[in-house]
Amino acid sequence: MSREIYARYNSRNPDASMACQAAVSLSAALACNELMDEAISLLRHKLPVARRCLGRDDRVVLKMTECLASNILLVADEAGMTREDLDECEALYKHVLKTMRQVLGTAHPDTQRIQGKLDVVVKIRETERPGFQFDRDRVSRLLEEFAEREPR
(Lines give C-alpha, C1' and ligand atoms only; values in the text may rest on other atoms or scores of the structure.)
Protein backbone atom coordinates (compact mmCIF):
# COMPACT_ATOMS: atom_id res chain seq x y z
CA MET A 1 0.00 0.00 0.00
CA SER A 2 2.74 2.46 0.88
CA ARG A 3 4.41 1.86 -2.53
CA GLU A 4 1.17 2.83 -4.28
CA ILE A 5 0.89 6.01 -2.20
CA TYR A 6 4.52 6.86 -2.90
CA ALA A 7 4.03 6.21 -6.63
CA ARG A 8 0.93 8.41 -6.72
CA TYR A 9 2.71 11.17 -4.84
CA ASN A 10 5.66 11.11 -7.22
CA SER A 11 3.45 11.04 -10.30
CA ARG A 12 1.57 14.10 -9.07
CA ASN A 13 4.60 15.98 -7.85
CA PRO A 14 5.13 18.86 -10.28
CA ASP A 15 8.52 19.58 -8.72
CA ALA A 16 9.93 16.18 -9.73
CA SER A 17 10.76 17.37 -13.24
CA MET A 18 12.39 20.53 -11.94
CA ALA A 19 14.41 18.55 -9.39
CA CYS A 20 15.64 16.23 -12.14
CA GLN A 21 16.54 19.17 -14.35
CA ALA A 22 18.45 20.66 -11.44
CA ALA A 23 20.36 17.37 -11.07
CA VAL A 24 21.31 17.51 -14.76
CA SER A 25 22.49 21.11 -14.36
CA LEU A 26 24.45 20.31 -11.22
CA SER A 27 26.11 17.31 -12.86
CA ALA A 28 27.10 19.50 -15.81
CA ALA A 29 28.60 22.07 -13.43
CA LEU A 30 30.51 19.34 -11.60
CA ALA A 31 31.79 17.94 -14.89
CA CYS A 32 32.89 21.41 -16.04
CA ASN A 33 34.88 21.74 -12.83
CA GLU A 34 36.50 18.36 -13.49
CA LEU A 35 34.59 16.65 -10.68
CA MET A 36 33.48 13.82 -12.94
CA ASP A 37 33.21 11.18 -10.22
CA GLU A 38 30.80 13.39 -8.29
CA ALA A 39 28.78 14.08 -11.45
CA ILE A 40 28.53 10.36 -12.20
CA SER A 41 27.59 9.56 -8.61
CA LEU A 42 24.85 12.20 -8.62
CA LEU A 43 23.36 10.95 -11.90
CA ARG A 44 23.55 7.30 -10.85
CA HIS A 45 21.72 8.19 -7.65
CA LYS A 46 19.05 10.38 -9.26
CA LEU A 47 18.39 8.46 -12.49
CA PRO A 48 16.33 5.63 -10.90
CA VAL A 49 14.29 8.22 -9.00
CA ALA A 50 13.71 10.20 -12.20
CA ARG A 51 12.65 7.07 -14.09
CA ARG A 52 10.20 6.20 -11.34
CA CYS A 53 8.77 9.72 -11.09
CA LEU A 54 8.76 10.81 -14.72
CA GLY A 55 8.95 7.60 -16.74
CA ARG A 56 11.82 6.05 -18.72
CA ASP A 57 11.06 8.05 -21.86
CA ASP A 58 10.65 11.53 -20.37
CA ARG A 59 12.92 14.11 -22.04
CA VAL A 60 14.59 15.02 -18.73
CA VAL A 61 15.25 11.35 -17.96
CA LEU A 62 16.71 10.90 -21.44
CA LYS A 63 19.00 13.89 -20.90
CA MET A 64 20.11 12.47 -17.54
CA THR A 65 20.79 9.12 -19.20
CA GLU A 66 22.80 10.75 -21.97
CA CYS A 67 24.80 12.83 -19.49
CA LEU A 68 25.58 9.77 -17.38
CA ALA A 69 26.81 7.79 -20.39
CA SER A 70 28.93 10.69 -21.63
CA ASN A 71 30.49 11.29 -18.22
CA ILE A 72 31.27 7.59 -17.74
CA LEU A 73 32.92 7.47 -21.14
CA LEU A 74 35.03 10.56 -20.49
CA VAL A 75 36.17 9.51 -17.02
CA ALA A 76 36.85 5.92 -18.13
CA ASP A 77 39.64 7.16 -20.38
CA GLU A 78 41.50 8.63 -17.42
CA ALA A 79 40.91 5.67 -15.10
CA GLY A 80 41.40 3.04 -17.80
CA MET A 81 38.57 1.77 -19.92
CA THR A 82 36.87 -1.40 -18.72
CA ARG A 83 34.42 -3.63 -20.49
CA GLU A 84 31.81 -2.77 -17.83
CA ASP A 85 32.17 0.95 -18.58
CA LEU A 86 31.71 0.31 -22.25
CA ASP A 87 28.74 -2.01 -21.73
CA GLU A 88 27.02 0.54 -19.50
CA CYS A 89 27.58 3.40 -21.95
CA GLU A 90 26.38 1.33 -24.87
CA ALA A 91 23.19 0.28 -23.07
CA LEU A 92 22.44 3.85 -21.97
CA TYR A 93 23.03 5.31 -25.44
CA LYS A 94 20.98 2.57 -27.10
CA HIS A 95 17.99 3.33 -24.87
CA VAL A 96 18.20 7.06 -25.58
CA LEU A 97 18.68 6.46 -29.31
CA LYS A 98 15.73 4.08 -29.54
CA THR A 99 13.43 6.57 -27.85
CA MET A 100 14.67 9.53 -29.89
CA ARG A 101 14.17 7.61 -33.13
CA GLN A 102 10.60 6.84 -32.12
CA VAL A 103 9.79 10.36 -31.00
CA LEU A 104 11.92 12.61 -33.19
CA GLY A 105 12.80 10.42 -36.17
CA THR A 106 16.18 9.48 -37.57
CA ALA A 107 16.82 12.79 -39.33
CA HIS A 108 16.55 14.93 -36.19
CA PRO A 109 19.88 16.49 -35.09
CA ASP A 110 19.53 15.14 -31.51
CA THR A 111 18.99 11.62 -32.83
CA GLN A 112 22.02 11.94 -35.08
CA ARG A 113 24.11 13.29 -32.18
CA ILE A 114 23.27 10.27 -30.03
CA GLN A 115 23.96 7.95 -32.98
CA GLY A 116 27.39 9.57 -33.28
CA LYS A 117 28.09 8.96 -29.61
CA LEU A 118 27.01 5.34 -29.92
CA ASP A 119 29.27 4.99 -32.97
CA VAL A 120 32.23 6.15 -30.83
CA VAL A 121 31.43 3.44 -28.27
CA VAL A 122 31.30 0.83 -31.05
CA LYS A 123 34.65 2.06 -32.45
CA ILE A 124 36.19 1.83 -28.97
CA ARG A 125 34.86 -1.71 -28.63
CA GLU A 126 36.67 -2.56 -31.89
CA THR A 127 39.99 -1.67 -30.23
CA GLU A 128 39.47 -4.36 -27.59
CA ARG A 129 42.24 -6.93 -27.38
CA PRO A 130 42.27 -10.34 -25.71
CA GLY A 131 42.05 -9.98 -21.94
CA PHE A 132 39.65 -7.01 -22.22
CA GLN A 133 42.42 -4.50 -22.81
CA PHE A 134 41.95 -1.58 -25.13
CA ASP A 135 44.34 0.21 -27.46
CA ARG A 136 44.88 3.23 -25.20
CA ASP A 137 46.17 5.50 -27.98
CA ARG A 138 43.22 4.84 -30.28
CA VAL A 139 40.72 5.11 -27.42
CA SER A 140 42.27 8.44 -26.39
CA ARG A 141 41.99 9.79 -29.95
CA LEU A 142 38.36 8.66 -30.23
CA LEU A 143 37.51 10.19 -26.89
CA GLU A 144 39.21 13.46 -27.82
CA GLU A 145 36.97 13.64 -30.89
CA PHE A 146 34.01 12.74 -28.69
CA ALA A 147 34.87 15.46 -26.14
CA GLU A 148 35.15 18.08 -28.89
CA ARG A 149 31.60 17.30 -30.03
CA GLU A 150 30.22 17.19 -26.48
CA PRO A 151 28.34 20.40 -25.58
CA ARG A 152 29.42 21.90 -22.23
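Points to keep in mind about this one:
- Residue satisfying all of: in the stretch 61-93; among the β-branched types (Val, Ile, Thr) and out of contact with any Leu (no Cβ under 6 Å at 6 or more places or on another chain); nearest to residue 141 (Cα to Cα) among these: 75
- Of all residues in the stretch 42-64, those that are farther than 12 Å from residue 23 by Cβ have Cβ atoms under 8 Å from Cβ atoms of residues that are polar (S, T, N, Q) and outside any loop (DSSP other than H, G, I, E, B), 6 or more apart or on another chain, in 52/10; 56/99; 57/99; 58/17; 62/99.
- Which numbered condition residue 74 fails, given (1) surrounded by 13 or more Cβ atoms within 10 Å (Cβ to Cβ); (2) free of Cβ contacts under 8 Å to residues at least 60 places away in the same chain: (2)
- Residue match in the stretch 94-112 (condition: touching a Leu at 6+ places or on another chain (Cβ under 9 Å) and within 16 Å of residue 143 (Cα to Cα)): no
- Residue within the stretch 96-106 that is farther than 24 Å from residue 56 by Cβ and at pLDDT 70 or above present: no
- In the stretch 25-39, the residues that are surrounded by fewer than 21 Cβ atoms within 10 Å (Cβ to Cβ) and either at pLDDT 90 or above or part of a helix (DSSP H, G or I) (or both): 25, 26, 28, 29, 30, 32, 36, 37, 38
- Among the residues making up the stretch 85-118, those that are assigned to a helix (DSSP H, G or I), more than 14 Å from the chain's Cα centre (by Cα) and loosely packed, with under 13 Cβ neighbours inside 10 Å are 102, 109.
- Of all residues in the stretch 95-112, those that are closer than 16 Å to residue 65 by Cα have Cβ atoms under 6 Å from Cβ atoms of residues that are part of a loop (DSSP other than H, G, I, E, B) and at pLDDT below 90, 6 or more apart or on another chain, in 99/57.
- Count of the stretch 48-59 residues, restricted to those that are part of a helix (DSSP H, G or I), surrounded by fewer than 20 Cβ atoms within 10 Å (Cβ to Cβ) and not charged (D, E, K, R), is 2.
The values are calculated or read from the model by the stated rules, or taken from the named source; none is laboratory data. Note that this is a predicted model, so its numbers are computed, not measured. Please note: Cβ atoms are built from the backbone with ideal geometry, for glycine as well, and neighbour counts cover all protein chains shown.
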